[in-house]
Structures are given as C-alpha cells and as structure tokens.
Amino acid sequence: MRVTQRERVPVVVQTGGRSRTGARALWLAAETAVTCGVLILLLVVHQLWWTNREARAEALDQVRVLEREWDISPVPESVPESVSGTDDEGGAVEGVAEGEPSAGPSVESRAPAAASPVPSSSAAFAVLRIPRLGLTVPVAEGVSKRSVLDKGYVGHYPGTAGPGRVGNFALAGHRNTHGEPFRYVNRLGEGDRVFVRTRARTYVYRVDLVLASTSPRDVGVIRDVPRSLVKPSYGYEEPGAYLTLTTCTPEFSSAYRLVVWAKLVSAG
C-alpha cells in the first residue's frame, strides 16, 4: 500500500508598511536631532569665541587710535561735561534712564578744574587699565549693549562723575561674551591699582571694597557717594572721588551684579 506525503505549502511572511514608516520616522528624528545639535554648537562657538575675538580686536584698535590721537593732539583747556542716555544694559545696573542724573546730591561742582570731561555720545574717551587682570580696554559714554558694551568696550554710566572728579566714576562691562572685559574682576582685592588714562592725564584708583552680589536694580552702588540699597553695610558715607566697576554675576547669568569700588589716589 503506497503512502502519499502531504504537500508542503510555503509560508510567505510579509513585512508590514508600518515597520518601514516607523524606521523612516526614527531616521528623520535622528537627523533632526543631529542638525539641531550642530546648530546649537555653532551658536555657542559664535557667542563664546567669535564675538570675543571680534570685540577684543575692535577694542584694541580703539585703544591704539585714542593713544595715537592723544600723543599728537594738544590737551583742550576747558570742555564742559555732558551726559548721554542708554538703550539697554549688559552687566549694568538697571534703572538708569536717558538723561537721568545719579541719585543723591551732586558734588561735581566741587571737582578739580583739571578733571577730565566725558563726551555726549557713545564715543570712547578714556582707556582703562587693570594690571592685576592684564586688562586694557577703551571706555565709552553710555551702557548700551549695541553701541558700547557689545563692542568690547567698558561703558560709563550717564549722570555719574567723569574721570578724576569728585563723585562716582561708574563703569559697566560684560562678564562673558563680546570681549568680556570684566570676566575676572572678581579677582580684584583691596589695594589693587586701576588706571584711567584720558587725553588730559592718567588717574590712579586703588581698590577698596568688593560687593560680591547684589540686585540689578541696586542703583545705590553708582550714586555720588556709593552705598548698596540692598546691603547697606557695603558702601561709603563721605563724598570722595570714587570708581565703580559693575558686571553680571554669576558667570553666564545676569541674575545679579558684582560691584568693585576704588578710590582716587593720584593724578598725573
């Protein structure tokens, strides 16, 4: 008796369209993530390297221009002091509006006649040197990001005293990016020297006090007689010729302000 074997029926397994669609979606998501990562990296490189490179080069060129002009131009006998406004802040104390004088009674009328004036625009008018930090940077009128601070300059608060004057010669600068001139001002301590050169002369200030952190709206730190409104134990009680440096803190943040105060010790 012959036994017949059953015929084997081939089984065909088909891959569903859903699997191919899911794989394609994952691939597109991965490509998008990589592209976004590259763009973010480029943005970080631009902010942390390129803006610093451009701003430092521009600031150094401006220092050379100023010093070359001062070496060949006579010192003006008398120039009236004026102030200008701002349009933004970057490391500056907030609340300083256009044409607004510094708070507190003015003592500039008692300033020595030889003290240097400040210009009425965002032009650079002085050079700030801090040997402790290896810093040389131009000082311009105003604390606008666009026209002053983002150029790598240090900005002079409108309404505060001029270099060498009785009152408060108050300055702001970036802590990070755009030249970051005040990157390491936290390293300054009592006794460190700060030099401010103008067309007329060079003023020497000596660091006296450091306020590690205060509110961006603490306008007391840039008054004629500087004293923190947030931390009243920091500051002064008597009129004098002061220098104030302000910048953002902590690094890569604008949450608070770091303040360094110095007193005028000589002019020559």
- Condition broken by F195, with the remaining ones in (1) without any contact (Cβ under 8 Å) to a residue 40 or more places away in the chain; (2) touching a Lys or Arg at 6+ places or on another chain (Cβ under 8 Å) satisfied: (1)
- Query: Does G173 meet the test of being farther than 21 Å from P226 by Cα, out of contact with any Cys (no Cβ under 7 Å at 6 or more places or on another chain) and in contact (Cβ under 8 Å) with a residue 40 or more places away in the chain?
  - Reply: no
- Item | Checking T198 against (1) within 22 Å of the chain's Cα centre (by Cα); (2) surrounded by fewer than 18 Cβ atoms within 10 Å (Cβ to Cβ); (3) β-branched (V, I, T), the condition it does not meet | (2)
- Of (1) in a loop (DSSP other than H, G, I, E, B); (2) at negative phi; (3) not charged (D, E, K, R), V210 satisfies every one except (1)
- Task: Tell me, please, whether a residue that is at pLDDT 90 or above and either among the aliphatic types (A, V, I, L, M) or assigned to a loop (DSSP other than H, G, I, E, B) (or both) can be found in the stretch 66-87.
- Result: yes
- Query: For the subset of the stretch 242-261 comprising residues that are of a type in the set (A, V, I, L, M) and part of a strand (DSSP E or B), which member is surrounded by the most Cβ atoms within 10 Å (Cβ to Cβ)?
  - Reply: V259
- Message: Cβ-Cβ distance below 6 Å, separation of 6 or more or different chains: which pairs start in the stretch 237-259 with a residue that is within 17 Å of R227 (Cβ to Cβ) and end on one that is buried (at least 22 other Cβ atoms within 10 Å of the Cβ) and of a type in the set (F, W, Y)?
- Response: L243/F169; L243/Y205; T244/W261
- Task: Search the stretch 164-194 for residues being assigned to a strand (DSSP E or B) and crowded, with 17+ Cβ neighbours inside 10 Å, and hand back the single one that is farthest from the chain's Cα centre (by Cα).
- Result: G167
- Message: Quick check on my filter: what residues within the stretch 214-241 are under 24 Å from T202 (Cβ atoms) and either among the charged types (D, E, K, R) or in a helix (DSSP H, G or I) (or both)?
- Response: I222, D224
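The values are calculated or read from the model by the stated rules, or taken from the named source; none is laboratory data. Since we're looking at a predicted model, the values are computed, not measured. Counting neighbours? That spans all protein chains shown, and the Cβs are built from the backbone with ideal geometry, glycine included.
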